[in-house]
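Structure first, commentary second.
Since every read-out is calculated from the coordinates, none of them should be taken as a lab result. All values derive from a computational prediction rather than experimental measurement. Positions of Cβ are backbone-derived with ideal geometry, glycine not excepted, and every protein chain shown enters the neighbour counts.
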Amino acid sequence: MPTLTDNESSVDENANNGPATNVSQRRLFGQLARWRRLLIGLASFVVAIAIWYLLTDGAHVIQPLKLPSPVAVAQRIQRLVSHPYVRHTLWGHASASIQVVLLGWLAGGVIGAPAGVLMAWSRRFRAATYPVFHILRPISPIAWIPLAITWMGIGVEARVFIVFVAAVVPWVLNSMEAVRSVDPMLIRASRNLGTSSLGTLGRVVLPASLPTLMAGARVALGNAWTSVIAAELLAATSGLGYVALTAANALDSKTTFAAMAVIGAIGFVLSALMRAVAKLLAPWAKGL
Amino acid sequence: MGEGALIVTTADADVVATRTKSSRWYKPDRDGWFDTGLGVTSVVALFVVWAVAAIITNHNHPGLVPTPVKVAKSFADLSTNSFAGHTLFGHVLSSLGRWGLGFVFAIVLGVPLGIIFGSITLVREAVSPIFEFLRYIPPFAWIPPAVLWFGSGQTSQALIVFIAAFPAIVISTQVAAANVDPALLRASRTLGAGHLRRLGQVITPIALPGVFAGVRVAASNGWMALIAAELIGGRVGVGFLIAQGEDYGATDIVMVGMVAIAITAAILDLIVIALSKRLTRWRKRAA
């Protein structure tokens with residue numbers, strides 16, 4: 001899902017810098033713009049939380065059952081860290097969610113990435129597998145949940161399966177796209193110089209397609225994190241999604257919003273981690 | 001897919017890559033009867049494996065995996081007879097109603113907001129960090145608070161569709177509006193166009209294809225989130241249908257629901273594509 005979003009630098013950042021004549025001057029302006037963005041962003045966060053506080057604890061416009069105040073949510077998070085809620089502490093639930101995500105995401109990569117690369121590289125393989133992939137793909141991972149519960153119960157297996165279904169699609173499609181986007185000149189040159197088809201794949205195509213592969217891995221992780229929450233609403237006895245829904249059914253809005261805040265924070269950290277890994281593995285890639 | 005286009009932006013939520021060169025060595029899938037045969041064989045193999053799995057498991061766990069034939073029969077049966085209150089068509093229609101409600105709200109609020117974000121830098125810089133953070137909370141995570149706010153009925157399900165669809169529309173509109181060539185804006189201003197005319201006759205047509213890419217993603221995100229909301233609560237809809245099938249241990253009904261969900265998603269996608277082509281017909285002439 002986060003495909004459309006990752007436009008970190010705004011487009012007109014460099015447009016209004018005026019006549020920056022030398023490089024160091026331009027760099028200074030760039031840095032100033034970055035600081036400005038950071039400051040404005042921070043300020044708007046503070047304002048948003050202040051408005052949230054005013055609406056709840058401040059002026060009591062919204063009743064705490066509908067929306068607890070930021071203070072109450074923060075206190076609840078603090079409490080959940082040490083006191084177990086539905087059998088586990090916050091860490092227990094968070095690590096349950098993360099474990100399922102990582103297992104399903106890795107399984108998706110182990111199966112999906114090689115499949116995608118082969119689908120792009122070998123016409124025969126593509127002809128044989130793509131129709132099947134195309135038939136199964138429109139069935140959304142969410143629609144698999146009832147079947148997964150019937151087959152595997154509400155244990156870890158069902159959730160890992162759902163996450164796998166959600167993650168494998170971007171793994172396959174982006175691995176395919178990654179190989180397809182390699183400059184054909186590179187491939188022809190490599191073949192011309194006598195490298196075999198497999199050698200070209202391993203030593204030319206794969207390194208060249210690494211940035212897109214990494215981006216695909218990130219989309220897959222985003223999908224995995226999204227779908228694990230859905231799976232936990234239905235097929236779980238632990239996990240942050242399970243905590244949020246259990247608390248909502250018990251009209252415990254503080255715990256629901258505490259769980260949501262943690263879900264958002266973990267989603268943010270996972271995305272940032274993937275970005276860092278991508279930079280480490282493919283530092284030449286732009287726009288990741 | 002636009003072979004040979006300079007930049008091919010995929011409007012697929014799962015695909016990141018933008019191809020900057022037409023990859024001529026890569027041929028699309030029309031490579032003769034042998035490949036078609038391979039494809040048909042593998043699809044047939046899929047159904048054979050399914051049937052065999054159904055027959056084997058039926059020995060010890062009857063009904064765990066229904067045969068393809070049984071699913072087809074249930075499909076025909078559910079099309080005429082009602083299950084859980086409605087026929088299959090009735091459930092799909094009811095889901096579509098709530099999907100439409102959330103989706104229309106997402107467009108009506110998302111497009112103007114995206115244009116504002118895209119054209120006023122200060123607003124974007126102030127709002128987008130909060131917006132971005134909220135996006136790290138998956139739409140499904142809003143189901144519990146929606147239940148708290150509105151119970152598990154129509155309103156909370158439409159709200160979930162809205163939450164799932166809204167960000168894709170805002171972001172694609174914002175990017176599309178921000179990418180309008182400033183020279184064109186200045187030119188239209190020089191020629192005497194006011195703010196409204198520039199918005200209607202310069203920004204909107206240029207940004208429209210980009211907006212539609214987001215609308216397409218939003219349509220499918222919203223549909224998926226609705227199914228999740230229907231699985232959790234409610235009394236009607238395809239998601240409710242498969243949840244009921246699960247409760248009765250009727251895996252054939254669950255599978256009929258899954259197929260109906262996939263077909264509906266595909267039809268919605270086709271409608272959005274057709275609409276986008278119709279509204280951006282001028283593009284072909286330009287290219």
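With 22 Å as the cut-off, how large is the P(r) tail for region A:75-281, expressed as percent of Cα-Cα pairs? Summing the P(r) tail past 22 Å for region A:75-281 gives 55 percent. Rounded to the nearest 500, the helix-only mean residue ellipticity at 222 nm of chain B stands at -24000 deg cm²/dmol, with each DSSP H run of n ≥ 4 adding -39,500 (n - 2.57). Our coupling estimate for region B:131-148, obtained by passing each phi through the Karplus curve with A = 6.51, B = -1.76, C = 1.60 and θ = phi - 60°, is 4, 4, 5, 4, 5, 6, 8, x, x, 5, 5, 7, 4, x, x, 4, 5, 4 Hz, Gly and Pro reported as x. In the elastic network of chain A, a GNM with C-alpha springs shorter than 10 Å, the most mobile of A:A178, A:A189, A:A158 is A:A189. Approximating the spin labels as points 7 Å out from Cα along Cα→Cβ, the B:F105-to-B:N60 distance works out to 4.8 nm. Farthest towards the positive end of the charge dipole of region A:169-267, among the residues A:G264, A:A220, A:T237, is the Cα of A:A220, using unit charges on the Cβ of Lys, Arg, Asp and Glu. Within 10 Å of the Cβ of each residue in B:35-47, the mean number of Cβ atoms contributed by other protein chains is 4. Each residue, A:R36 and B:L134, gets one label point 7 Å from its Cα in the Cβ direction; the gap between the two is 2.6 nm. Region A:227-270 and region B:208-244 have Cα centres spaced 20 Å apart. Note that region B:177-188 has calculated 3J(HN,Hα) couplings of 6, 6, 8, 5, 4, x, 4, 5, 5, 5, 4, 5 Hz, one per residue in order, obtained from phi through the Karplus relation 6.51 cos²θ - 1.76 cosθ + 1.60 (θ = phi - 60°); glycine and proline are x.
Pairwise Cα separations in region B:154-258 fall into 5 Å bins from 0 onward with the following percentages, short to long: 2, 12, 16, 13, 11, 10, 9, 7, 6, 5, 4, 3, 1, 0.
Using the Cβ of A:S209 as centre and a radius below 11 Å, the other residues enclosed give a net charge of -1, where K and R count +1 and D and E count -1. Legend: calculated FRET efficiency, A:Q75 to B:L184, from the Cβ-Cβ distance at R0 = 41 Å, rounded to 0.05, equals 0.20. Based on Cα atoms of the protein assembly as shown, Rg over Rh with Rh as the Kirkwood radius reads 0.97.
Using a cutoff of 8 angstrom between alpha carbon atoms and counting only pairs six or more residues apart, the relative contact order for chain A works out to 22 percent.
Ellipticity at 222 nm from helices only: DSSP H runs of n ≥ 4 in chain A, each -39500 (n - 2.57), divided by the residue count, give -24000 deg cm²/dmol. Helix A:253-281 and the longest principal axis of the C-alpha atoms of chain A enclose an angle of approximately 20°. With a Förster radius of 45 Å applied to the C-beta separation of A:A250 and A:F29, the computed FRET efficiency comes to 0.25. Multiplying the residue separation of A:R188 and A:W91 by 0.36 nm and subtracting their alpha-carbon distance yields 29.7 nm. Only Cα pairs under 8 Å and 6+ residues apart enter the sum, and on that basis the relative contact order of chain B stands at 21 percent. Annotation for A:V269 and B:F34: the two label points, set 7 Å from Cα along the Cα-Cβ direction, are 5.3 nm apart. Per-residue 3J(HN,Hα) values for region A:167-174, derived from phi via the Karplus relation 6.51 cos²θ - 1.76 cosθ + 1.60 with θ = phi - 60°, read 7, 5, 5, x, 4, 5, 5, 6 Hz in sequence order (x marks Gly and Pro). Mean partner shielding of peptide A:209-220, defined as the number of other chain Cβ atoms within 10 Å of each residue Cβ, is 2. Shielding value for A:226-236 is 5, the average number of Cβ atoms from other chains within 10 Å of each residue's Cβ.
About the centre of its Cα atoms, chain A shows a dipole size close to 700 debye [charges on the beta carbon of Lys, Arg (+1) and Asp, Glu (-1) only; nearest 20 debye]. Under 5 Å from the amide H of B:S152 lies no amide H of any residue 5 or more positions distant or on a separate chain, with H modelled from the backbone and absent for Pro and chain starts.
In terms of packing, defined here as the mean over residues of other Cβ atoms within 10 angstrom, the peptides B:162-174, A:111-123, A:137-149 line up highest first as B:162-174, A:137-149, A:111-123. Once the C-beta distance of A:S82 and B:A53 is scaled by a Förster radius of 35 Å, the resulting FRET efficiency is 0.15 to the nearest 0.05. Using Cα centres only, tell me the gap between region A:124-168 and region B:41-65 in whole Å. A separation of 16 Å, based on Cα centres. For A:H88, the amide hydrogen comes within under 5 Å of no other amide hydrogen, counting only partners 5 or more places away or on other chains and with H modelled in the peptide plane.
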